[in-house]
Structures are given as structure tokens and as C-alpha cells.
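**Q** Quick one: the structure is below, questions incoming.
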């Protein structure tokens, strides 16, 4: 089964801490969607990534396409907060070649998005979460313009010092 990661799960060390057998298939994009950080976290009140369908076909969200095995999907469901503010959807994704051009073989993949009642426009991601998202985008060499977009997202320091330390330590231990 194909999974489209557009959030912190783009960062392969994080995804592999959840799934032992996930295989990276490369980068991809979904057309007609926009990325927001307005999904209230299930573990904390900060902004997490969310995909929103828009009318503008020029908008795209980039991410990483993974092959996951069915017997591990329940682990990803739990990490994706399925049923706890998030829902699973299936998207048409366009795999990209190394130069960033589509390879003309669209496929379908599942991902997780926020339930409407879990969307709050005033949310801001914690800095460690934004860094996980950005690290995954850099690891997989998403387009520079998209990296720039992610870098411009405002973030804030996590008031829970222990959680911030734990997440920053994980990130530092796995940076390439």
C-alpha cells in the first residue's frame, strides 16, 4: 500500500521508528492542495500539518511516497492520530523524477488529514515539529521553492521543555 507523507513522517528516521518495513519510493506531489499548519496536535495544542483541497490547480503539496506493508498499517494509523482528530483519505499523487518533473505515472496513496473540528486557523507549530518537517523535505530533496515556503512558516518554542528536548535530541541524532 502506498502512503503519501507530507508532514514530519517525511523524515525517514521518524517513519522508520514507527514502521520497520516501509520503503521509500521517491518524492511526489498532490495537485490542487495546499499545506497548512492548522491541525491541532493530538498530544499537544500546537499546529500540525494538514492538506486542504483548493480550487487553484497551480497549488501543490510535495511529499514522500512510501510503500508500507498491510500488517504494519495499524501502527501508522496510531501515529497519524486516525480517529483522534484525523481521518484517512486517498489521493491521486504524481511521482516526480530527480529533476522535479512528473514521471507521468500517477498513482493513488493514502494519507491523513484533519477533521474539520480539529482545524484552528490561529495555531502555530512548535519549532521542533517544523524542523522535523523541514528535515524530511531536505533529506528527500524537495524543490527549493517548497523548502523556502516551509522555512517561512512561523513557529514557536514548546513550553514543555522535556518534550522539546526529546524531539530535538531525536532530530540531532538522525541528521544526515
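The values are calculated or read from the model by the stated rules, or taken from the named source; none is laboratory data. Values in this document were obtained by computation on a predicted structure and should not be read as measured data. Cβ coordinates were reconstructed from backbone atoms using ideal geometry, including for glycine residues, and neighbour counts include every protein chain displayed.
**Q** Conditions first: (1) loosely packed, with under 15 Cβ neighbours inside 10 Å; (2) over 18 Å from the mean Cα position of the chain (by Cα); (3) at pLDDT 95 or above; (4) part of a loop (DSSP other than H, G, I, E, B). Residue 176 passes all but one, so which condition is the exception?
**A** Looking at each condition in turn, residue 176 falls short on (3).
**Q** Yes or no: segment 74-85 includes at least one residue that is within 21 Å of residue 12 (Cα to Cα), in a helix (DSSP H, G or I) and out of contact with any helix residue (DSSP H, G or I) (no Cβ under 9 Å at 6 or more places or on another chain).
**A** Looking for residues that are within 21 Å of residue 12 (Cα to Cα), in a helix (DSSP H, G or I) and out of contact with any helix residue (DSSP H, G or I) (no Cβ under 9 Å at 6 or more places or on another chain), one finds at least one in segment 74-85, hence yes.
Rundown of residues vs (1) under 18 Å from residue 149 (Cβ atoms); (2) surrounded by fewer than 18 Cβ atoms within 10 Å (Cβ to Cβ); (3) modelled with pLDDT of 95 or more; (4) within 16 Å of the chain's Cα centre (by Cα), yes/no style:
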| position | (1), (2), (3), (4) |
| --- | --- |
| 30 | yes, no, yes, yes |
| 33 | yes, no, yes, yes |
| 37 | yes, no, yes, yes |
| 40 | no, no, no, yes |
| 49 | yes, no, yes, yes |
| 52 | yes, yes, yes, yes |
| 74 | no, yes, no, no |
| 78 | no, yes, no, yes |
| 86 | no, no, no, yes |
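Each row is one residue, and each column tells you yes or no for (1) under 26 Å from residue 24 (Cβ atoms); (2) out of contact with any helix residue (DSSP H, G or I) (no Cβ under 8 Å at 6 or more places or on another chain).
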position	(1), (2)
118	no, yes
122	no, yes
125	yes, no
130	yes, no
153	yes, no
156	no, no
168	yes, no
174	yes, no
